[in-house]
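The structure under discussion appears below in the form of structure tokens.
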Amino acid sequence: MTSPTLADERSLGFPLVRGDLPFRLQRRLGLIPPDGLGLVRRALFWSMLGWLPVALWAWYVGRVLPGAAAEPLLAHFNIHARLLVAVPLMILAEGPANALTARLLPELVRSGLVPPATLLSYRGVLASTARLRDATLPWIVIVGVVVAFTTAAETAHRAHEVVWASEGAVAFGLGFGGLWYLYVGRTIFLALVLAWLWRIALLTVLFWRIARLELAIVPTHPDRTGGLGFLERLPTAFAPVVLAMGIAIASRWAHDAV
């Protein structure tokens, strides 16, 4: 079968991130350059936006190191793990995930798994899933979930995560640092988690639709998966996301253990 040209390959791929609502908004804000994803600048920006005001406020009121509080800010490993490690990891993961989905899917056509008679239907699947990726409604739902969770957390603001901000030294509730963490820091983390869950669901829909096409699966293919062995690389794109979530959970356990 004739290999598709570079332009064809781009149209036969599915960039997982490029084009969705957060991508468009961050491009308008200047966080994403015209060419590229701006991964490093965005990782630093969102990480520091969530963590730095909290740390500066805690230092200003004397609640960073042991002394003024039974559990100072530095003892809450989950805050630092979420904002300094997990948030950058989940943003940096957009690069390999976007590149891998854009690069792997044209292989379905190159290898002949999508025969010429099915190519038009395959393009239709990519186009309809791209419209779903670029839709606004899923992100409105995500924002609604984040707002609901944040409101509930603030109502019960004596939560374990903000003990450092509410014990003794702060006269009025949580103070700036505690509120910033609840409304900004943890919101950034939760929004990224939900964004990745949505992207996983989006890929599930995409492959479910592709599986319903008339594919030329080869039962005797040497890769022992009917010619689909190249897709085994796809889960590696999500390794940084899994690592980020694991670190966030483990950091809370570490605090409890200490």
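Placing +1 at every Lys and Arg Cβ and -1 at every Asp and Glu Cβ, with all other atoms neutral, what dipole size does region 73-134 have around its Cα centre, in debye to the nearest 20?
Details: 6 positive and 3 negative charges, 22 e Å.
Its charge dipole is roughly 100 debye.
Sum up the charges of everything whose Cβ sits under 15 Å from the Cβ of residue 138, counting Lys and Arg as +1 and Asp and Glu as -1, but leave residue 138 out. Please report the intermediate quantities before stating the final value.
Working: positive: 24, 131, 133, 199; negative: 20, 134.
Once all neighbours under 15 Å are counted, the net charge is +2.
With +1 assigned to the C-beta of every Lys and Arg and -1 to the C-beta of every Asp and Glu, and no other charges, what is the dipole magnitude of the chain about the Cα centre in debye, to the nearest 20?
460
Cβ neighbours within 10 Å, averaged per peptide: list 136-145, 179-188, 240-249, 197-206 in order, most packed at the top. Can you show the working numbers first?
On the way: 136-145: 13.5, 179-188: 21.2, 240-249: 17.9, 197-206: 16.2.
Ranked from most to least packed, the peptides come out as 179-188, 240-249, 197-206, 136-145.
Can you list the residues of region 187-211 with backbone N under 13 Å from a point 7 Å past the Cα of residue 217, pointing along Cα to Cβ?
Under cut-off, by backbone N: 208, 210-211.
Assuming R0 = 30 Å, what is the FRET efficiency of residue 242 and residue 120, from their Cβ-Cβ distance, to the nearest 0.05? If you can, show how the numbers build up before the last one.
On the way: r = 36 Å, r/R0 = 1.20.
The formula returns an efficiency of 0.25 here.
Only the coordinates and a few stated rules stand behind these numbers; no lab work does. Because the structure is predicted, anything quoted here is derived from the model rather than measured. Positions of Cβ are backbone-derived with ideal geometry, glycine not excepted, and every protein chain shown enters the neighbour counts.
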